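Coordinate-derived values only; no laboratory data. Just so we're clear, the structure is a prediction, and the values are computed from it rather than from any experiment. Reconstructed Cβ throughout: ideal geometry from the backbone, glycine too, with neighbour counts over all protein chains shown.
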Amino acid sequence: MKKPPALWENKTAKKKDKMKPNTIHKNPMKNILIISIAIIGIMISACNNGNNLEKKKTALAKLLKEQEDISNRIKKLEAEISEAGGDVKTDKPIFVEVSELKKQSFTHYIEVEGRIDGDENVGVTSQMPGTINKILVSTGDMVKKGQVLAQLDNQTILQGLEELKTSLAFVNSIYLKQKNLWDQKIGTEIQFLTAKNNKEALEKKMETIKEQIEMTKIKSPIDGTVEEITAKIGQSAMPGFQIFRVVNFNSLKVMAEISETYASKVKQGNEAQINFPDLNREIESKISFSSKFISPANRTFSIEAQLPNAADYKPNMIARVKIVDYNSDSSIVIPVNMIQDSEAGKYVYTAVNEGGKMIAKKQYIQFSSTYNGFAQITSGLNENDKLITTGYQDVNSGQIIKF
C-alpha cells in the first residue's frame, strides 16, 4: 500500500532542511577569516586615501615654493631694471596710499637730562674745629642771612677772654698813669711808649679772641630755608664738612651738561622746552647761561635755564631739557621710514600722471636734519607732490598705481 504523495513530499522537505549546513554556528573559523579580510580591505583603502592626502600636501608645498621663488625673481628683475633707469610697465595696478606734500615748520632739538638747583643753594660748614653743643634750627625753618644755626663749644675761649680783660684793665691803668706823667714831662718817653704798646697789643688780642668766639657760631650765609641738617649735638665739626644745607627757593634753575659737539649751536638765549617727568609738566624757557669752558674730564660744558614759580619745584629734581638748535618755518617734511637707500642715493616714490594713468616714480632726494622720526627735505620734492606713504615697499618706478 503506497503513502499519499503529499505526505511523502513533506517528509522529504523536512529531511532536506535538516541536511542544510548552518554557516554561523557550524563553521566559526570561516566566519573569522571573512571578517579579517573585510577589515584588511578597509585599512588598505584608508592607507591609500592617507597616502593620496600626503602626496597632495607635498605637491602643494612644492608649488607654493616655486611660486615664491618666481615672485622673488620677478621682484629682483624689476628692481634691477628700475636701478638701471628703466620703467617696469605692468597693466595690473598696485593699490597704494598717497599724501600731498605741504610746507610746514621743522624744529630740531638737542635733548639732555638735567637737574634743578638753586641760584643760592649753600652747604654750611664750620669755620673752625670744635664740638657742637647747640643746634638752634630745625629742618624747614626759614632763616635770615647771618642767623646763628648752631653753636660750638667755646668755653675755653671765653675763659681766655675773661683773663685777657683783667690783664687789659691792668695794662690800661698803667698806660693812663704813664700818659699823665708824660703829659707833665715826668718820666721817660720809653716808659710811656712801652705802656702804650702793651695796651694796644692786648686790645688787638682781645679783638682776635672775640673773632674766634664769633667763629664758634655757625651762621647762615643767605636768606633761605634749612633743607638738611647732617650733624647732631656732641659731634665734632670740621671746616669743609657740611653741617647744614640752606636753599633760597625764590630763584631756581635747571642745570645740565652738554657734549662739546654742540658747543657752536647752544648759546645763551636759545629757546628750550623743559619737561619734569615727576610732575608731568612741561614749560617753555630760555638758556640763561652757556659755559665757555669744556671739562677735560668728560668733554662737556654746562648750561642753565631759569625757572618761574620756583616754589613748585624741588632741588635735585630730574628735568629733561630740549634745546632748539635749528628751526625752519617753511620746509618739506616727510617720515624718515619712507626714505629708501640705493647705490645711487636716497629716494622715495611719488605718484605722477602719465598718459592719463597714475604711475609710481622714483624720486631721488636730499635731506639736512632728522628729528623724532621726520626728515627735512632740501631737494627732490616740492609742495603738492603726491608722496606714496603706504605700499611704497612693493612698487617700482613706472608701475601703474591706484589710490
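Per-structure values
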| quantity | calculated |
| --- | --- |
| For the stretch 144-163 and the stretch 191-207, distance of Cα centres in Å | 25 |
| Sites Gln127 and Glu200, calculated FRET efficiency, Cβ-Cβ separation with R0 22 Å, nearest 0.05 | 0.25 |
| Phi-based couplings in Hz for the stretch 287-304 (Karplus 6.51, -1.76, 1.60; Gly and Pro marked x) | 6, 8, 8, 9, 5, 8, 9, 9, 5, x, 6, 10, 6, 10, 10, 9, 10, 9 |
| Length gained when the stretch Ser291-Lys265 is fully extended (0.36 nm per residue, less Cα-Cα span) | 8.1 nm |
| Simple label model, 7 Å out from Cα along Cβ direction - Thr370 to Gln306, nm | 3.9 |
| Viscosity 0.890 mPa s, 25 °C: Kirkwood-radius Stokes-Einstein D of the stretch 259-403 over Cα pairs, µm²/s | 129 |
| Spin-label model distance (nm) - Asn382 vs Lys56, 7 Å beyond Cα toward Cβ | 5.9 |
| Candidate aspartates and glutamates - alpha carbon under 17 Å from Lys357, same-chain residues fewer than 8 apart omitted | Asp87, Asp91, Glu97, Asp385 |
| Difference of contour (0.36 nm per residue) and Cα-Cα distance, Leu136 to Gln191 | 14.8 nm |
| Proximal aspartates and glutamates to Lys196, defined as alpha-carbon separation beneath 20 angstrom and excluding residues fewer than eight positions away on the same chain | Glu163, Asp183, Glu207 |
| Nitroxide proxy distance, nm - points 7 Å out along Cα→Cβ at Gln242 and Asp278 | 1.5 |
| Alpha-carbon Debye profile of the stretch 126-244, log10 I(q)/I(0) at 0.16, 0.21 Å⁻¹ | -0.77, -1.07 |
| Among the listed pairs Lys62/Lys361; Lys232/Lys286; Lys177/Lys204, those beyond 31 Å (Cα-Cα) | Lys62/Lys361; Lys232/Lys286 |
| Links that overshoot a 32 Å alpha carbon limit, given the list Lys145/Lys267; Lys92/Lys386; Lys219/Lys292 | Lys145/Lys267; Lys219/Lys292 |
